Amino acid sequence: MPSTQFVFFTMFFLSLGGITFYRNHILSVLLCLEGLMLSLFLLLAIWSLETNTTLFMATPMLLLAFSACEAGLGLALLIATTRTHGAANLNSLTTLRW
Amino acid sequence: MNPITLSMFTTALLSGTLITLSSTNWLMAWMGLEINTMAIIPIIARKHHPRATEAATKYFLIQAPAAATILFCAITNAWMTGQWEINQMSTDLPIILILISLAFKMGMAPVHSWLPDVLQGLDLMTGLVLSTWQKLAPFYLILQLHSTHSLTLILLGTMSILVGGWGGLNQTQTRKILAYSSITHMGWMLVILQFSPELTLMTFTLYVTMTLPVFMILHQNNTLSINKLPILATHTPTISALIPLLLLSLGGLPPLTGFIPKWLIIQKMSHLGLFGLATITALSGLFSLYFYLRLSYISSITMSPSSNLTTATWRLTPNSIPLGLKTTIVPSMMLLPLTPMINSLLL
């Protein structure tokens, strides 16, 4: 495994671990999600640069556009949760358990 | 919600799944999944209600990392083999990780616990979309990946059947029971997937046919917990007579439609000599049969104590049965004699 790939793998799995284990506030989860998307963006950009495939040169931008949409959606949900639950803590999202 | 906005989101929902269904490339498939997720979240959260918002937040926080993991595996595969095609993935670890994250997106057994929660916060028609249409795109991707990792598929499938039956036993909310029933049916589909993909397709179609009238009936009478089920008899007596048959059909009892997939799946397994697997799936189907039986017992076999004035509200304000319900309720009970035709159409 090349060292660049190892670096981005570590980045991805650290962000995934952040989503899984550190979920106090929705904002921190959203930041980890951005970390995931950023590592994917870098992986995709480096892959298309290294292999010189013209077909895939545009894909990092597409990925970035989608991740921006997703981040916007996440922030909208953050605001909606703050309005309905009073705080955006993930621990307070318990009304559906019963 | 404004009808124009709603129609826009519905179109995006449809086209997202269709993009995934018509793509052979992981990137396009991922885009379809993302469009799908982003379209359904406003539909989930369209009632300004704490539960709806919470369901939307949970759904988003589940779907977004799962989709990112799918794309990560696809890129890893591209780094290793230079291949973006869905059905030409060859490296082991990305395939297993993709299978697990697709199962996560659908709410299959080891990673299922979000599905009952999210469904609990929805209105029943959105719940119907979530438990049928939303599963189509991830399931198609699993179908494309099939026959490489039999152990993962069988483990996911049997665990889904078991957990779906087991989890539903203790529930009193109809939406949670329907969520667990959905988990069970997805388990049946996944168990047979690698042996006969056509049977999977048939099981999916029949599951949609059977679950549609159940959701519609519960939506029409606004039955959210099982202690409101006896009211069905006073509002719509015909439906109340039919609903035990519908529920037993979902459970898979012989003269009804739900028996077809179970029959053919177990037949296929015993043809292949997988007797242990067939026994486990058949026996763990009994768990879900138990809670369907309890639902039908409460809805029509017992009579709730009430005065004479309240027993016949349907005479004062007759409730008409909607057309969609009329057309789906018949095939969801009586398709069993047509098994040879379904067989020749799909197999």
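The values are calculated or read from the model by the stated rules, or taken from the named source; none is laboratory data. All values reported here derive from a predicted model rather than from experimental measurement. All Cβ positions, glycine included, derive from the backbone under ideal geometry; neighbour counts span all protein chains shown. Quick note on the areas: whole protein, heavy atoms, side chains included, nothing else; ligands and nucleic acids left out. Shrake-Rupley method; radii C 1.70, N 1.55, O 1.52, S 1.80 Å.
Computed over the protein assembly as shown, the per-residue total of -39500 (n - 2.57) for DSSP H runs of n ≥ 4 gives a 222 nm mean residue ellipticity of -24000 deg cm²/dmol, rounded to 500. Looking at region B:177-285, the accessible area is 32 square angstrom per residue; that uses a 1.4 Å probe and ignores ligands, DNA and RNA. Here the spin labels are modelled as points 7 Å beyond Cα on the Cα-Cβ line, and at B:Y297 and A:S92 they lie 4.1 nm apart.
For A:A65 and B:L224, what does the FRET efficiency come to when R0 = 35 Å and r is the distance between their Cβ atoms, rounded to the nearest 0.05?
Working: r = 39 Å, r/R0 = 1.12.
That gives a FRET efficiency of 0.35.
Chain A and chain B together bury an accessible surface of about 3600 square angstrom, both sides counted, with a 1.4 Å probe and no ligands or nucleic acids included. Computed over the alpha-carbon atoms, region B:50-92 gives an Rg to Rh ratio of 1.26, Rh here being the Kirkwood radius from the mean inverse distance.
Pairs to check: B:K262/B:K326; B:K105/B:K228; B:K268/B:K326; B:K228/B:K262; B:K47/B:K228; B:K58/B:K268. Give those whose C-alpha atoms are more than 27 Å from each other in this structure. Please list the in-between numbers first.
Details: B:K262/B:K326 25 Å; B:K105/B:K228 31 Å; B:K268/B:K326 33 Å; B:K228/B:K262 30 Å; B:K47/B:K228 22 Å; B:K58/B:K268 38 Å.
Beyond 27 Å: B:K105/B:K228; B:K268/B:K326; B:K228/B:K262; B:K58/B:K268.
Compared with the dominant Cα axis of chain B, that is its longest principal axis, helix B:50-81 is turned about 20°. For region B:36-100, the relative contact order works out to 23 percent when only alpha carbon pairs closer than 8 Å and six or more residues apart are counted. Please tell me the relative contact order of region A:24-86 in percent, rounded to the nearest whole number, where contacts are Cα pairs under 8 Å and at least six residues apart. So the answer I get is 41 percent. Between helix B:26-44 and chain B there is an angle of about 30 degrees, using the helix long axis and the longest principal axis of the Cα atoms.
Hull surface divided by four, with the convex hull built on the Cα atoms of region B:204-265: how many nm²? Walk me through the numbers before you get to the answer.
Values: hull surface 17.4 nm².
Mean projected area for region B:204-265: 4.3 nm², to one decimal.
Computed from label points 7 Å out along Cα-Cβ, the spacing between B:H271 and B:T10 is 4.0 nm. Taking every C-alpha pair closer than 8 Å and separated by at least 6 residues, the mean separation divided by the residue count of chain B gives a relative contact order of 15 percent. Expressed as a whole percent, the proportion of Cα-Cα pairs in region B:46-120 lying more than 20 Å apart is 41%. Taking Cα atoms, how many degrees apart are the long axis of helix B:174-192 and the longest axis of chain B, rounded to 10 and kept between 0 and 90? Around 40 degrees separate the two axes.
Among the trypsin sites (Lys or Arg not before Pro) in chain A, those located in a DSSP loop and surrounded by at most 13 other Cβ atoms within 10 Å of their own Cβ are A:R97.
When the solvent-accessible area of chain A is split by element, carbon and sulfur atoms take up 72 percent of it, the probe being 1.4 Å. Counting, for every residue in A:79-92, the Cβ atoms of other protein chains within 10 Å of its Cβ and taking the mean gives 3. Per residue, region A:55-98 exposes 54 Å² of accessible surface when a 1.4 Å probe is rolled over the protein heavy atoms with every protein chain present.
Evaluated over the Cα positions of the protein assembly as shown, the convex hull gives a direction-averaged projected area, one quarter of its surface, of 22.7 nm². Placing one identical point scatterer on every Cα of chain A and ignoring solvent, what is log10 I(q)/I(0) from the Debye formula at q = 0.17, 0.22, 0.23, 0.25 Å⁻¹? Result of the Debye calculation: -0.82, -1.10, -1.16, -1.25.
Rounded to the nearest 0.05, what FRET efficiency do B:L253 and B:S150 have when you use their Cβ-Cβ distance and R0 = 25 Å?
Working: r = 30 Å, r/R0 = 1.19.
The calculated FRET efficiency here is 0.25.
Of the Cα atoms belonging to chain B, the radius of gyration and Dmax stand at 20.5, 74 Å.
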